[in-house]
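Chemist: My questions all concern the structure below.
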Amino acid sequence: MSATIPSGLLRWAEVDVDVLADNARLIHALVQPAQVMAMVKSNGYGHGLEIAARAALDGGATWLGVYTPQEALALRGAGVDARTLVLGWSPPSTNADLVAAGVDVSVFDVEAVQSLAAAASAAGATARAHVKIDTGLHRLGALPEAVDSLTAALRAAGRHVEVAGLFTHYADAGLDPEFTHEQHARFLEAVDALRPVAGEALLHTSGSAAILAHPSMHLDMVRVGIAFYGYPPIATPAPLRIGMHVFARVAQVRSLPKGESVGYGRTWRADATRRIATAAMGYGQGLPRLLSSRGQMAIHGRRCPIVGRVSMDQVALDVTDLDDVNVGDAAMFIGERDGVRIGADEVGDLAGTVSYEILCGIAEGVPRLPGVAPAALP
């Protein structure tokens, strides 16, 4: 697929939907016969909620995972009718809409089961619930000692609540196999206790790290997140590729004499006459201020150092070694183009964070352009 980039855009994110679909296929091949749930929460890890969802489904995912009821309902509003699970908390006031839209809801306690059953009863429908067991991550979930009361609540809900899934979330699947196996054992104990009210429930525990590190834990379904977007959290032979490339246009190019400074605070000074290009992207669009005089962007296949402090809407680049930089050229913040890879993982390391935060930090005001081919770039 390809698309044309409007000439008036100052910055944009190119999302290669074919790459994302290929990544989904690779994950599916690794885990089959288990099903694949693609995690598209937080605006599809910054790639765009609907764009990521459709690419995942094209690649063989049969489920979509979101965090909020609003994300699930947005997918339904966009015509995406695949099985969708809200993995976060759904306030009771959202249950009626979720039931009507056929969205699966996570429950963690008796009150959640009762409010979901009430919404389903009022609609004359059956709600689909996934019970989350807290086996050691200690964020959301029912502790194992609460399983008996949950079982009683689910039995009381009768036909108004179908237990469609049982799941947990590993705390450190990539680095701590001993604790991960302990969590897995705790989960299976809870499953045994819940089976009387969850006979056909899908079991799912594995995110990206566990998918790659613990094949025995794939169970009925896996929930792939960061690996789907091309950033596997641990080494893998699977040729997963980066799915998003973020660009900003060069707004000005000029010569700066020796001794002159760039940016707020005058933190960087030219050690000789330098050529400086100003690109139209800053921390307001997701380029971390921590990259000031540390990071790089790429123009025409060459890395260009960021000089001075990153501003809200722009950043200065030293392009002295490039002869062909002009106003309107594209400077790549993250992605892979013209033989240069600047991954969200590399940027995260420089900024003292992780690839997830860099991807999710790309502002929603930056247009996501699905299916843009390299030849379409200016």
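Read-outs throughout are calculated quantities, based only on the coordinates presented, and are distinct from any laboratory measurement. The structure presented is a predicted model; accordingly, all values stated were derived computationally and were not measured. So basically every Cβ, Gly included, is an ideal-geometry build from the backbone, and we count neighbours across all protein chains shown.
Chemist: Quickly estimate the mean residue ellipticity at 222 nm for the chain, helices only: each DSSP H run with n ≥ 4 gives -39500 (n - 2.57), and the total goes over all residues, rounded to 500.
Modeler: Value at 222 nm, helices only: -8500 deg cm²/dmol.
Chemist: Report the residues of the range 130-170 in range of a label on GLU189: point 7 Å along Cα→C-beta, backbone N strictly under 14 Å from it.
Modeler: 134-136, 143-148
Chemist: Roughly how many Å is it from the Cα centre of the range 264-306 to that of the range 354-372, as a whole number?
Modeler: Measuring centre to centre over Cα atoms gives 19 Å.
Chemist: Considering the Cα trace of the range 1-142, what is its radius of gyration and what is Dmax, both in angstroms?
Modeler: 17.1, 55
Chemist: Among DSSP bridges having both ends in the chain, what percentage is antiparallel? Round to the nearest 5.
Modeler: 50
Chemist: Let me ask something else about it. Could you work out the Rg to Rh ratio of the chain, with Rh taken as the Kirkwood radius (inverse of the mean 1/r over all Cα pairs)?
Modeler: 1.06
Chemist: By how many nm would the segment from ALA82 to ALA123 lengthen if fully extended, with 0.36 nm per residue of separation less the alpha-carbon distance?
Modeler: Gain on stretching ALA82 to ALA123: 12.6 nm.
Chemist: Can you run the Rg to Rh ratio on the range 241-378? Use alpha carbon positions and the Kirkwood inverse-distance Rh.
Modeler: So for the range 241-378, dividing Rg by the Kirkwood Rh gives 0.95.
Chemist: Among DSSP beta bridges lying fully in the range 17-224, give the percent that are antiparallel, nearest 5.
Modeler: In the range 17-224, DSSP labels about 0 percent of beta bridges as antiparallel.
Chemist: Under 19 Å from a label point 7 Å along Cα→Cβ of VAL354: give me every residue in the range 110-149 with its amide N that close.
Modeler: The answer is 134-141, whose backbone nitrogens lie closer than 19 Å to the label point.
Chemist: Multiply the residue gap between LEU140 and ALA238 by 0.36 nm, knock off their C-alpha separation, and tell me the result in nm, one decimal place.
Modeler: Taking LEU140 through ALA238 to full extension adds about 32.2 nm, to one decimal.
Chemist: Give the calculated FRET efficiency between ARG159 and ALA363 to the nearest 0.05, with a Förster radius of 45 Å applied to their Cβ-Cβ distance.
Modeler: The calculated FRET efficiency here is 0.50.
Chemist: How do CYS360, CYS304 line up, fewest other C-beta atoms within 10 Å first?
Modeler: CYS360, CYS304
Chemist: Can I ask one more? For a quick check: sort LYS132, LYS258, LYS41 by the number of other beta carbons within 10 angstrom, fewest at the front.
Modeler: The fewest-first ordering by Cβ neighbours comes to LYS258, LYS41, LYS132.
Chemist: Using Cβ contacts closer than 10 Å as the measure, can you line up PHE247, PHE108, PHE179 from fewest to most?
Modeler: Fewest to most other Cβ atoms nearby, the residues stand as PHE179, PHE108, PHE247.
Chemist: What does the net charge come to around GLY88 if you take all other residues with beta carbon closer than 12 Å to its beta carbon, with K and R at +1 and D and E at -1?
Modeler: Charge balance in the 12 Å sphere: +2.
Chemist: Report the full-extension gain for the segment ASP97 to ASP313: residue separation times 0.36 nm, less the Cα-Cα distance, to one decimal in nm.
Modeler: 73.9 nm
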